[in-house]
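A.B. asks: Please find one structure pasted underneath; my questions will follow.
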Amino acid sequence: VGCGGCTRFLVDDLQLFQDAKGRFTVEDPKLAVKHCVRPQMGAAVAFYHGQMHDGEPLNEEAPPKWIFRFDVLYMRETPVDEKAESLRRIEVEAEGIEREQPIVSMQLYRLAERLREGLIPLPSAQVQAAALLGRATLLEGDVDTDTWKPEEMDEVGMGGDTWTSKKRVQAQQKSFRENEPSGLLPDSDHEQCVPRARPCLSIRATGGSSVLSKLLVS
């Protein structure tokens, strides 16, 4: 307690700021920080990778802070809801052609809204969407339905020196290289660092300024 090092969730649009030690951080936490999670033994915080966040600078006498990154994979047990999948696909396809084909994009959005409200049967909506897109079936091929595209965001432009995703990554990489510890454990010491007991993590999923759910993993 009192050592710093909290994981902070920030507003999306921030100016670049370096403190006296050259660390990229927030200039005024009262204005920039929406929620923070203090590091505690046996706890972890899980959040969407596109959510703006940073690590609170450690205080002078604080012990080292270690960051562990995990890729959590899920296996679906229930079949995908075809209506929900079709809705998502129509909207993502519409978003992808907004600039090049605005009329077709608008028609797809309207079709998705009619399907959502139950004004058109699913098979009819799929046929109409496929026709608008110029192919045989709506769900053919693989389409990335993750609409968070950092590269595209940078191409569109965020204005000024705002924290675009590419700048965030570059700043984080630069900060990591400059502050990387010089001494690493020799290979012979690695086995001594392996925990002998199964870890128990209390994972908290956050959504902006509130904690949405908690998950205990053992």
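Computed from the coordinates by the stated procedures, all read-outs in this text should not be read as laboratory data. None of the values given here were measured: they were computed from a predicted structure. A quick note on method: Cβ atoms are made from the backbone with ideal geometry, for glycine too, and the neighbour counts reach across all protein chains shown.
A.B. asks: Choose one of 92, 105, 126: the residue whose Cα lies farthest towards the positive end of the charge dipole of segment 57-128 (beta-carbon charges +1 Lys, Arg; -1 Asp, Glu; about the Cα centre).
C.D. replies: Toward the positive end, the furthest listed residue is 126.
A.B. asks: Rounded to the nearest whole Å³, what is the per residue volume of the convex hull around the Cα atoms of segment 78-147? Please report the intermediate quantities before stating the final value.
C.D. replies: On the way: hull volume 6.5 nm³, N = 70.
Dividing the Cα hull volume of segment 78-147 by its residues yields 93 Å³.
A.B. asks: Could you list the square roots of 5 times each eigenvalue of the Cα gyration tensor of segment 16-115, that is, the equivalent ellipsoid semi-axes, sorted largest first and rounded to whole Å? Provide the component values of the computation, followed by the final result.
C.D. replies: Numbers: eigenvalues 351, 97, 23 Å².
Ellipsoid half-lengths, sorted descending, are 42, 22, 11 Å.
A.B. asks: With a cap of 12 neighbouring Cβ atoms within 10 Å, and only residues DSSP puts in a loop, list the GluC sites (Glu not before Pro) found in segment 74-133. Please report the intermediate quantities before stating the final value.
C.D. replies: Values: sites: 77, 82, 85, 91, 93, 95, 98, 100, 113, 117; in loops: 77, 98, 100, 117.
Loop-located and lightly packed - 77, 100, 117.
A.B. asks: Can you pull out the chymotrypsin sites (Phe, Trp or Tyr not before Pro) in segment 44-86 whose DSSP state is coil and whose Cβ has at most 15 other Cβ atoms within 10 Å?
C.D. replies: Working: sites: 47, 48, 66, 68, 70, 74; in loops: 47, 48, 66, 68, 70, 74.
Passing sites in segment 44-86 are 48, 66, 68, 70, 74.
A.B. asks: Still on this structure, please answer the following. Obtain the nm distance between the two label points defined at residue 46 and residue 21 by a simple spin-label model: each point lies 7 Å from its Cα along the Cα-to-C-beta direction.
C.D. replies: 3.1 nm
A.B. asks: At 7 Å along Cα-to-Cβ for each site, give me the label-to-label distance between residue 97 and residue 61 in nm.
C.D. replies: Label at residue 97, label at residue 61, 6.5 nm between them.
A.B. asks: Please give the FRET efficiency for residue 140 paired with residue 12, using the beta carbon to beta carbon distance and R0 = 45 Å, rounded to the nearest 0.05. Don't skip to the answer; put the middle values down first.
C.D. replies: Working: r = 35 Å, r/R0 = 0.77.
Once rounded, the FRET efficiency stands at 0.85.
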